[in-house]
Amino acid sequence: MLPKDVLSFDQYQIVYNVISFTFAAMLASFVFFVLARGQVAEKYRGALVMSALVVVVAGYHYLRIFESWTSAYTLQKGVYMPSGTPFNDAYRYVDWLLTVPLLLAELVAVLRLQGGKDKYLMAKLMVAAALMIALGYPGEIAGDNTTRLIWGTLSTIPFAYILYVLWLQLAGSMDRQPASVSVLVRNIRLLLLATWGFYPIAYLIPVLGLTGSTSTVALQVGYSIADVAAKCGYGLMIYTIARRKTEADLQEDSLVEVRSSNQASVKPANAVS
Ligand SMILES: *C/C=C(C)/C=C/C=C(C)/C=C/C1=C(C)CCCC1(C)C
């Protein structure tokens, strides 16, 4: 088996291609979210702007990750050896520090969670998100599994808090939404749990017994897949929710119009009799 920092030709290529694919997915999502903005009511537009921001920030970081990956290894006699320039893990963490609060804000914006208390809710979630990421980082760059586990466990506390708060908030929100939106809220709740839950699992890969270069590859591939699901996939669901809510709002408005025009036509008749 190859040591942690020596990659077989295929291992290197897998990560290279996955990072490149992820960059393309972020770019395409950015274009989509910008163009789709006009298809939703004004009050949900902010959520789509945030989706676009998330993928553009992530796209930029994937470009840097790609650059860092290619300069961290050199091909020697058929295997990729460390070039001396270390691969920079910080890009991912800085990316999460910026994008996770935005993803949370998107959800709060589109569902208008907790009525007027939105701001307070957001503040709590943002602090928890920053703590979760900051506490994870020392473990990510640590060489040994014990340190990784300790910081990982600490980071899981704010993580559990975020999931708990969102779970309750989304459950409450489901009851207030039109039927067609309620199903989507249930689905986005599951998507959130599945994709966000994927990060700590990927983080645990080296602890769970995957060793050597296999763990390096699995970690990069795991985080990249999670990012596509949690940023592009999630953004698409937010867009779908915004569309459905726009349609539901329009229907409500036209009902109100029908009601008021009925009243208008009744009045003259009454006046005659
Ligand atoms: C777009 C990026 C997203 C949604 C990133 C989410 C990241 C997490 C939910 C990370 C969580 C972690 C733990 C719960 C423990 C181990 C350390 C982390 C930071 C990987």
Pop the C-beta distance of Ala194 and Glu247 into the FRET formula with R0 = 30 Å and round what comes out to the nearest 0.05. 0.65
Using 0.36 nm times the number of residues separating Lys4 and Val34, minus their current alpha carbon distance, what extension gain do you get? 6.7 nm
Assuming 0.36 nm per residue, please report the length gained on full extension of the stretch Met174 to Leu75 beyond their Cα-Cα distance. 30.3 nm
Computed E for Asn145/Ala90 - FRET, C-beta separation, R0 30 angstrom, nearest 0.05: 0.90
Counting alpha carbon pairs within less than 8 Å and at least 6 residues apart, what relative contact order, in whole percent, applies to the chain? 25
Packing-ranked peptide list from 175-185, 211-221, highest mean Cβ count within 10 angstrom first, is 211-221, 175-185
Surface share of carbon and sulfur [accessible, 1.4 angstrom probe, percent] for the range 103-202: 71
Using the heavy atoms of the protein chains alone and a 1.4 angstrom probe, what is the accessible area of the range 58-155 per residue in square angstrom? 48
Segments 227-235, 74-82 sorted - mean Cβ within 10 Å per residue, highest first: 227-235, 74-82
Given 0.36 nm per residue, what is the gain on full extension from Val258 to Ile157 after removing their alpha carbon distance, in nm? 31.2 nm
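The values are calculated or read from the model by the stated rules, or taken from the named source; none is laboratory data. Being a predicted model, the structure only gives us computed values, none of them experimental. Ideal geometry is used to build each Cβ from the backbone, glycine not excepted, and the neighbour counts take in all protein chains shown. To get the accessible areas, we keep the full protein, side chains included, count just its heavy atoms, and leave off ligands, DNA and RNA. Shrake-Rupley method; radii C 1.70, N 1.55, O 1.52, S 1.80 Å.
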